[in-house]
Amino acid sequence: MSRSAASEGFAGHWQQRAPERRLLFWALVTITLGYTMLLGAGPKDGYLIRSIDLLPLIGLAAGYGAAHLLLVASGFRGDQVLLPATAFLCGAGVLAQYRMGVFIGEPLSMTGYAVMPAGALLMAAGAAMAKNGRYRLLARWPWGWALLSVALIGVLLVTGQRFRGGVYAVGFVTPTELLKLTVVLFAAAYIDLNAKALANWRGPIPFPRLRPLWPLIGFFVLLLGLLLLQRDLGMVVILAMALLSMLAAGTRRAGYLVYGGFAAAGAAYLGYRFFDHVQSRVETWLEPFRDPTGSSWQILQGFTGMYSGGLWGEGFSQARPRYTPIAESDFIYAVIAEELGFAGGVLLAAFFLLLLARLLLIAARARSAFGMLAASGVAAVFATQIFLNLGGVTKFVPLTGLTLPFVSHGGSSLLTAFASLGLALAISDGEPARKKKKRSASKRGTAATATARGAARR
Amino acid sequence: MDLLNALFQSAPWPTLRAGLHVAFMLAALYLLKQVFSLRAATALRHLAKPRSGFGVAFAGLVLLFAAMLAYQATWQLSGTSRPDFVAFMQLHDRRQFNPAHWIERGRLFDHTGELLAESRDFARGGETAVRRHYPYGPVFAHAVGYAHPRYGTAGMEAAANVSLNGGRPDSLAEWGELGRRLITRDKRPRGRDLTLTLDAALQQAAYRALGERAGAVVMLRPDDGAIRVLASTPAFDPNRLQAELFSGRDPRSRLLNRATHGLYPPGSVFKVVLAAQALDAGFSSRLDCPADGYTTSPRYRKIRDHEYYSARGAGRDWQGHGRIGLDRALIKSSNVFFAKLGVGYGHDAFGRTADRFLFNRTIALTASLSKAQVMRTGRIPRIAASDRYGLAQAAIGQGAVLATPAQMALIAAAVANGGVAPQPRLLVAEPPRPLARLMNADTASRLASMMRRVVSEGTGRVIETPGLAIAGKTGTAENPRGDAHSWFIGFAPAGRPTLAVAVLVEHAGYGSAAAAPIARDLLLLARERGLL
């Protein structure tokens with residue numbers, strides 16, 4: 001399984017993943033520094049800290065430590081930066097959420113304490129399970145993923161609650177969050193199968209042939225219709241960006257992005273014309289001072305916090321981010337930019353760019369076309385969601401109400417993000433070596449066939 | 001835990017906390033540096049050679065994020081250049097440490113350096129806050145205006161809001177200053193000071209002269225447009241704004257800047273406009289002005305001269321002016337003459353004159369600022385061609401014609417300045433420039449000497465002052481709401497005019513009785529102060 005005798009066994013794996021351990025250690029040190037600063041705010045406000053206040057930090061450290069050990073124990077060879085990068089982002093999330101009172105005062109909520117450690121473990125477990133090329137089993141049933149995607153929206157439409165024209169999940173679980181993974185898997189598998197036909201453009205003005213595209217378009221239109229029923233426009237944008245990026249990556253034709261851009265412009269115009277809440281979002285974006293105490297209140301309060309924070313911020317514990325309404329989910333970036341200033345905002349953006357850089361590197365280097373497509377899709381989903389959240393809070397683009405991956409308080413969205421990264425990690429582990437010892441012959445047979453198929457297509 | 005709590009409550013904790021803050025940022029940077037130095041070990045070499053295209057995608061993402069952060073900086077770091085945003089924070093933010101509450105707005109000075117507005121700290125419920133202070137109180141209520149967290153901004157405070165709050169840095173030194181403040185966490189942003197063209201002594205004298213009466217005084221330099229006085233009464237005290245002022249039901253309309261926005265029938269001061277129209281057209285003949293008056297149709301009341309009424313009131317008989325020329329008519333302010341003159345030239349000529357004299361406009365007094373403080377000019381609607389009596393009334397400044405004191409001052413300045421109205425200015429820093437030519441140079445000089453004679457021998461002779469050659473025109477404007485408005489426009493010294501003035505006193509009767517003496521007193525004071 002491993003490349004050399006030196007890295008055989010636990011000791012070898014331990015040695016091999018030293019960079020990850022080092023980065024993880026420093027990420028946790030950084031977060032601990034922030035956490036100490038944070039705890040110091042308690043007594044000033046008349047709140048004496050208790051042992052339980054250390055739990056979020058301990059949980060985070062334990063979860064990530066275990067995730068690292070799991071990767072080492074399974075002999076995982078892949079990416080060593082994603083785990084520490086997400087550890088830092090999750091840590092920043094814990095800091096900001098602690099400030100927003102997510103952990104204080106309420107009866108012990110498992111979602112608050114357990115989601116992040118569990119997510120980190122899920123990511124590592126997923127990577128360990130699907131490593132060594134096994135992730136390609138996921139490409140076997142493209143239409144299974146498509147069916148699952150539709151079913152997920154169906155579940156939400158049936159069980160969800162209608163509120164102001166939208167449909168929202170009851171309680172903790174938002175099934176549609178999983179779409180970010182299932183749709184990427186479907187599209188990766190489908191484009192992998194039909195890459196040649198999709199890349200075959202014709203006409204004086206090059207245009208894709210429609211026949212291989214119809215299934216994709218049909219599926220997307222169906223999703224679009226269902227998502228519009230529940231008014232989840234942010235999800236529509238994310239999925240559209242993922243599909244277009246994967247088409248362009250899989251066929252190496254940038255024209256998909258051009259035509260997709262036209263289609264998006266048209267769709268944006270129609271959305272603006274026919275949806276009241278799109279109109280009000282756009283108006284708030286263009287003229288924030290038309291209704292400063294109403295529709296623009298949240299974004300202006302966010303800016304007010306940021307302006308108070310200035311370049312350096314006052315550090316955790318000085319600022320008053322709770323003045324921004326429901327900041328722990330969509331507006332968490334405003335909290336960080338207030339407490340740590342513009343410098344903190346730049347820092348967070350840098351870590352997100354690091355995350356995206358690693359995902360793109362995995363896509364660029366993936367051995368299989370399916371792996372490349374899936375990693376591209378995951379990267380596109382993350383890039384879109386991060387950009388729409390940060391851009392929305394800073395009024396760079398209209399507000400879409402998406403969470404910030406790893407940093408925002410959340411359940412399903414957080415777990416989906418971890419699962420997606422688990423997939424990317426698995427892809428980064430690479431394929432089994434061609435020449436193998438006679439072990440697990442049946443499994444090797446499947447993998448070899450898949451490799452052969454992939455090779456034939458290339 | 002007890003140990004931690006004790007630590008957090010101990011004296012050195014604030015210092016320690018600041019240290020932790022720095023350590024946190026440094027550790028995060030160190031983490032990024034470690035990622036960089038471990039790039040070889042984490043390059044995923046065991047996978048395929050990298051495909052092309054993904055680097056371009058990443059570069060695009062970096063650019064996008066950089067653009068977003070740059071935009072974020074325009075709010076987070078240079079938010080003072082967004083006046084709406086600063087106002088929002090000052091009104092709605094409860095964070096004590098928000099610099100928006102601490103902006104030391106720039107001070108406002110008159111042209112001699114007299115302080116007109118500054119920011120002061122004051123105690124509010126155990127905390128300190130910043131409040132605007134106006135040493136002259138109501139004297140500059142409209143011109144300087146106010147900046148109040150609840151009631152917003154008005155006047156110069158509104159127009160110069162961005163600069164006063166610090167503004168957008170537009171020089172290298174100002175960028176440097178912004179950078180220094182951000183890096184050193186200086187929480188007292190300091191705005192830019194502004195120097196106005198106003199003269200505090202003259203303004204105060206004008207305000208006192210108007211006293212309890214409603215009215216307005218505008219005084220400016222004809223050659224460069226610098227406004228020395230922009231007074232309006234009744235005023236309010238910008239140091240003590242009260243909600244009733246803003247209820248919209250104030251019977252005295254104290255918020256209204258009568259100087260720049262008050263619309264009044266100009267009455268006889270409008271005859272200067274008609275005289276300019278006639279002189280420009282080459283008028284040099286005489287018109288018969290019978291004592292019996294003039295009308296366009298027997299159905300309408302006759303327009304008569306004021307001598308007719310005063311003679312009748314005294315039980316005397318008056319013979320009328322007879323055949324007189326333009327100069328005599330202006331000196332005597334003959335209604336009959338100017339009504340005939342206006343009707344004689346007709347509707348089209350009158351409409352063109354209204355345009356040439358800038359009626360129906362707004363004029364910026366602070367053109368260089370992002371939000372201009374403006375004056376409006378009067379209103380002359382189109383008079384129907386069949387309505388000749390309406391034209392006759394308009395020609396003597398009654399009926400459909402309305403004017404603002406600021407515009408009448410501008411017209412007086414144009415006569416004094418060879419026919420060219422200067423761009424009115426409130427900021428010393430703005431370069432002077434001409435606004436528009438209202439009449440020919442020859443017309444202006446002939447009109448100027450006629451106006452001098454108005455004061456030396458005509459309706460304005462009560463203010464004739466030895467040694468100070470005032471030229472002007474009185475006005476007594478009838479209006480439906482009570483006694484006539486008292487007007488005076490003019491300039492001095494007649495030979496080499498350096499100040500033009502317009503005075504309006506509401507419901508104060510003859511122009512020579514109320515408005516003209518105010519103008520004289522102000523011009524005398526100006527001479528005393530070396531401004532004439």
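The values are calculated or read from the model by the stated rules, or taken from the named source; none is laboratory data. As the structure is a prediction and not an experimental result, all values here were calculated from the model. So basically every Cβ, Gly included, is an ideal-geometry build from the backbone, and we count neighbours across all protein chains shown.
Residue-by-condition table, conditions (1) surrounded by fewer than 24 Cβ atoms within 10 Å (Cβ to Cβ); (2) under 16 Å from residue B:409 (Cβ atoms):
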| residue | (1), (2) |
| --- | --- |
| B:455 | no, no |
| B:465 | yes, no |
| B:485 | no, yes |
| B:492 | no, yes |
| B:495 | yes, no |
| B:506 | yes, no |
| B:525 | yes, no |
| B:529 | yes, no |
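Could you check residue B:367 against (1) within 30 Å of residue B:145 (Cβ to Cβ); (2) crowded, with 22+ Cβ neighbours inside 10 Å; (3) of a type outside the set (D, E, K, R) and say which number it fails?
Residue B:367 satisfies every listed condition except (2).
Check whether at least one residue in the range A:369-392 is within 14 Å of chain B (Cβ to nearest Cβ), in a loop (DSSP other than H, G, I, E, B) and at pLDDT below 95, and report yes or no.
Taking every residue of the range A:369-392 in turn, none turns out to be within 14 Å of chain B (Cβ to nearest Cβ), in a loop (DSSP other than H, G, I, E, B) and at pLDDT below 95.
Could you check the range A:55-72 and list, in sequence order, the residues that are within 14 Å of another protein chain (Cβ to nearest Cβ) and without any contact (Cβ under 8 Å) to a residue 12 or more places away in the chain?
Correct list: A:58 only.
Quick one: residue A:411 ticks every box in (1) over 18 Å from residue A:335 (Cβ atoms); (2) surrounded by 24 or more Cβ atoms within 10 Å (Cβ to Cβ); (3) away from chain B (no Cβ under 11 Å); (4) not charged (D, E, K, R) bar one, so which box is it?
(2)
Within the range B:39-54, is even one residue part of a helix (DSSP H, G or I), facing another protein chain (nearest Cβ under 8 Å) and out of contact with any strand residue (DSSP E or B) (no Cβ under 9 Å at 6 or more places or on another chain)?
Yes, there is a match, as at least one residue in the range B:39-54 is part of a helix (DSSP H, G or I), facing another protein chain (nearest Cβ under 8 Å) and out of contact with any strand residue (DSSP E or B) (no Cβ under 9 Å at 6 or more places or on another chain).
Mind checking which residues of the range A:179-230 are among the basic types (Lys, Arg) and either crowded, with 19+ Cβ neighbours inside 10 Å or closer than 15 Å to residue A:150 by Cβ (or both)?
Once the filter is applied, which keeps residues that are among the basic types (Lys, Arg) and either crowded, with 19+ Cβ neighbours inside 10 Å or closer than 15 Å to residue A:150 by Cβ (or both), the range A:179-230 yields only A:180.
So if I check each of B:436, B:412, B:429, which one is under 20 Å from residue B:265 (Cα atoms), touching a residue at least 60 places away in the same chain (Cβ under 8 Å) and of a type in the set (A, V, I, L, M)?
B:412
From the set of residues in the range A:73-94 that are in a helix (DSSP H, G or I) and more than 13 Å from chain B (Cβ to nearest Cβ), which is farthest from residue A:117 (Cα to Cα)?
Within the range A:73-94, the match that is farthest from residue A:117 (Cα to Cα) is A:73.
Here's a check for you: in the range B:280-339, which residue that is assigned to a loop (DSSP other than H, G, I, E, B) and among the aliphatic types (A, V, I, L, M) is nearest to residue B:389 (Cα to Cα)?
Per the criteria, the residue is B:291.
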